[in-house]
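Reading through the structure tokens given below for one structure.
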Amino acid sequence: MFIQRVKRAITTFIRDPRGVIQWRIYKIACPIIRKALQRMPPWHLLYVVNISPRYHYVYMDNPKTGCSTLKSALMELELKDADTGLDCLDWRNIHDRSVTPFLKFNELRSAAPLSRLAKENYKFITFVRNPYTRLLSCYRDKILKGRRQKQRILESLGYSQDDMDRPISFEDFVKVVASQPDIDMDPHWRVQTSHVLYDLLDYAFVGRFEQYQEDYTRLFEFLGIPVDKIPVVRHLNRTKDGDQECADNHYTKELQDLVYERYKADFMNFGYGYELPG
């Protein structure tokens, strides 16, 4: 993993030396970014932070918590009355930071952008999820469906990345991801405390996937949106193959203990218990 990070760093510098210099400035001037980069690569951090210039909030994108649905609605709100023609229901637009209306923090004229946003009283918001079900959803969506994330798991298990037809058990998947440091994790299964910088930012609102409809409405009310103006919930990326299936059908006691220890920060910070959800 260390060698891969070094190679990526060299490639990044060759492609964008100015960008590398800018990140060095951030690391010196912005304590939040300096600590964040110990947990995730720069390009992940840029994607996570979504700044709303219109409503003065920062949405911290947390995969597998209904983020596609929420970002679609937040985009609709941000673009209200603007004649852009941007389809807020198209997942390609939702996840393409070059077309979304949210600012990236490197677009701010500041050497310490995240510290600046905090000082200017931007409201930091996010959604979280029980680590047991979040990890199971990752497995169903990324591994069983053979998406690109499966290649790295195959490699970690000693197989060729090209052997995409090779099945990977949930047990093997969990053991691989539990052995990864935060910075090497895919955003979909990175420890949420690290991914959304929960311990580095003063959060104004943290919703829960388990009560999504209720907290979705509460969030928009918190942002000052009248009830009749709140965008309709559109579940755009729901796992269709049994996502609601009980977690205890997939977790052995060993795996339960492993996940609890690796994701303990999430269990503690977000109030989830050791017991598997029914």
Listed with the fewest Cβ neighbours within 10 Å leading, His188, His235 appear as His235, His188
In debye to the nearest 20, the charge dipole size for segment 73-175, taken about the Cα centre with +1 at each Lys and Arg Cβ and -1 at each Asp and Glu Cβ, equals 460
Taking a crude spin-label model, label points 7 Å out from Cα along the C-beta direction, the Thr217 to Trp43 distance in nm is 4.1
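Counting other beta carbons within 10 Å of each Cβ, put Ile94, Ile25 in order, fewest first.
Ile25, Ile94
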A correct fewest-to-most ranking of Asp172, Asp165 by other Cβ atoms within 10 Å would be Asp165, Asp172
In terms of the alpha carbon gyration tensor, root eigenvalues a ≥ b ≥ c, rounded if a/c is under 1.5 and otherwise prolate when a/b exceeds b/c or oblate, the chain is oblate
Once the in-chain neighbours fewer than 8 apart are removed, the aspartates and glutamates whose Cα is under 15 Å from Lys80 read Asp228
Along the dipole axis of segment 61-199 (charges at Cβ: +1 for Lys and Arg, -1 for Asp and Glu; origin at the Cα centre), the most positive-end residue among Tyr198, Leu154, Thr65 is Tyr198
Largest fluctuation, Asn249, Asn106, Asn93 only, Gaussian network model of the chain with Cα springs under 10 angstrom, belongs to Asn249
Highest mean packing first, using Cβ neighbours within 10 angstrom, the peptides 152-159, 54-61, 122-129 sort as 122-129, 54-61, 152-159
Here the percent of antiparallel bridges among DSSP beta bridges lying wholly in the chain, to the nearest 5, is 40
If every Lys and Arg gets +1 and every Asp and Glu gets -1 at its Cβ, then about the Cα centre the chain yields a dipole, in debye to the nearest 20, of 1140
Under the rule rounded for a/c under 1.5, else prolate if a/b exceeds b/c, else oblate, using alpha carbon gyration tensor axes a ≥ b ≥ c, segment 73-166 is classed as prolate
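Rule-based calculations on the coordinates, nothing more; no lab input. All figures in this text were calculated on a predicted structure; none of them were measured in a lab. FYI the Cβ positions are ideal-geometry reconstructions off the backbone, even for glycines, and counts take in every protein chain you see.
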